[in-house]
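Read the structure below first, then the notes.
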Amino acid sequence: MKTTEPQIPSEAIEAYNLYIHGEIDRRSFFDRINKVAVSAVAATAMVDALMPNYAAAQQVSPTDSRLKTEYATVPSPQGNGTIKGYLARPASAGSTKLPSILVVHENRGLNPHIEDVARRLALENFMAFAPDGLTSVGGYPGDDAKGGELFGKVDRAKMSEDLYAAAVWLKSRPDSTGKLGVTGFCFGGGIANALAVRMGADLAAAVPFYGGAPMAADVPKIKAAVLVHHGGEDARLVAAWNE
């Protein structure tokens, strides 16, 4: 029997958007879904369609023999002391130096999807490091909802320093060519933009997927190549880039 994806009303998508950005709680999210769903079954289908399925989205296995992966701890004296993260590089690289890419997560911590993105980049002959901004509160808890709650408890200024420390550490590693790029998603997109401003010529490229735009006055500080991804209907972020 042929199955089709449920049609998701714009109100449900907006409810999910508010939920994942911490503007409404889980109960409010489900209440909004129930209001636009024609039945309890339809509501469940909408929630399942909106929620991420990391197992289904995975492209590279954590045990892929083509890769060498490990968890590393990075000193962050100006931040929370240290930040942990996931390091991936091609196993075939040996002692060859590689260009590096910092992969910054959304507002839920270092979840399986971000680790998978790091592995994808490693298969393209980059050294990728995905730091966990939740390190200071125990790290990604294995659940996005709980990760979002923990995210709100982290000192944002110190977390920004942690992520900057991770970028400098990655660029400075002896197995790096010194060529550094950054990509990030949502919160991580904003961090990619912020690092482009802060690092100037020390950053080769920034590829934000959503995320807050830099202040117009700071744009001249950016020396990296920048490729910005936004949805055309994401009015707040699109408007910011048009300033």
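Would you work out the relative contact order for the stretch 1-129, in percent, from Cα pairs under 8 angstrom that are 6 or more residues apart?
After rounding, I find 21 percent.
Of the listed peptides 112-122, 166-176, what is their order by residue-averaged count of other C-beta atoms within 10 Å, with the highest listed first?
In descending order of packing, they fall as 112-122, 166-176.
List the residues, sorted by chain then number, that are 5 or more residues from Gly81 or on another chain and whose placed amide H is less than 5 Å from its amide H.
Ser76
Using the crude model of +1 on Lys and Arg Cβ and -1 on Asp and Glu Cβ, and no other charge, please compute the dipole size for the stretch 1-138 relative to its Cα centre, in debye to 20.
It comes to approximately 380 debye.
Each residue of the stretch 166-182 in order: what ³J(HN,Hα) in whole Hz does its phi give by Karplus 6.51 cos²θ - 1.76 cosθ + 1.60, θ = phi - 60°, with x for Gly and Pro?
Using θ = phi - 60°, the values come out as 5, 5, 5, 4, 5, 4, 8, 4, x, 9, 9, 6, x, 8, 10, x, 9 Hz.
Carbon and sulfur atoms: what percent of the 1.4 Å accessible area of the chain do they account for?
In the chain, the share of accessible area belonging to carbon and sulfur is 53 percent.
Bins of 5 Å, beginning at zero and ending with the bin holding the largest distance: percent of Cα pairs per bin for the stretch 132-243, please.
Per 5 Å bin, starting at 0, the Cα pair percentages come out as 2, 11, 19, 21, 19, 15, 9, 2, 0.
Where the centre of each part is set by its Cα atoms, how far does the stretch 163-224 sit from the stretch 65-133, in angstrom?
Value for the Cα centre distance between the two parts: 15 Å.
Just for the Cα atoms in the stretch 78-201, what are the lengths along the principal axes, largest first, rounded to whole Å?
Principal-axis extents of the Cα atoms in the stretch 78-201, largest first: 40, 29, 24 Å.
When averaged across all projection directions, what area in nm² does the alpha-carbon convex hull of the stretch 9-145 cover?
Its average projected convex-hull area is 10.2 nm².
Which pairs break 18 Å Cα to Cα here: Lys97/Lys179; Lys35/Lys146; Lys68/Lys146; Lys84/Lys223; Lys84/Lys179; Lys68/Lys179?
Lys35/Lys146; Lys68/Lys146; Lys84/Lys223; Lys84/Lys179; Lys68/Lys179
For Kirkwood radius over Cα pairs in Å, the listed values are (1) 19.1; (2) 18.0; (3) 17.4; which was obtained by calculation from the structure presented?
Recomputing Kirkwood radius over Cα pairs in Å here picks out (1).
Toward the positive end of the charge dipole of the stretch 1-157, about the Cα centre and with charges on Cβ (Lys, Arg +1; Asp, Glu -1), which of Leu98, Ala56, Ala15 goes farthest?
The Cα lying farthest towards the positive end belongs to Leu98.
Hey, what did the chain get for relative contact order, percent, Cα under 8 Å, at least 6 apart?
Computed value for the chain: 15 percent relative contact order.
Among 189-196, 20-27, 86-93, what's the highest-first ranking by average C-beta atoms within 10 angstrom per residue?
189-196, 86-93, 20-27
Could you please report the charge total around Ala204, scoring K, R as +1 and D, E as -1 over all other residues with beta-carbon less than 10 angstrom from its beta-carbon?
Taking every Cβ under 10 Å from that of Ala204, the sum is +2.
Place a point 7 Å from the Cα of Glu23 along the Cα-to-Cβ direction; which residues of the stretch 185-222 have their backbone N under 20 Å from it?
So the set is 185-191, 209-214.
Antiparallel versus total DSSP beta bridges in the chain: what percent is that, nearest 5?
45
Leaving out ligands and nucleic acids, and using a 1.4 Å probe, what accessible area per residue does the chain come to in Å²?
53
The values are calculated or read from the model by the stated rules, or taken from the named source; none is laboratory data. The model shown is predicted, which means the values in this text are computed figures rather than measured ones. Cβ: placed from backbone, ideal geometry, glycine included. Neighbour counts: every protein chain shown. Side chains included, ligands, DNA and RNA excluded: accessible areas come from the protein's heavy atoms. Shrake-Rupley method; radii C 1.70, N 1.55, O 1.52, S 1.80 Å.
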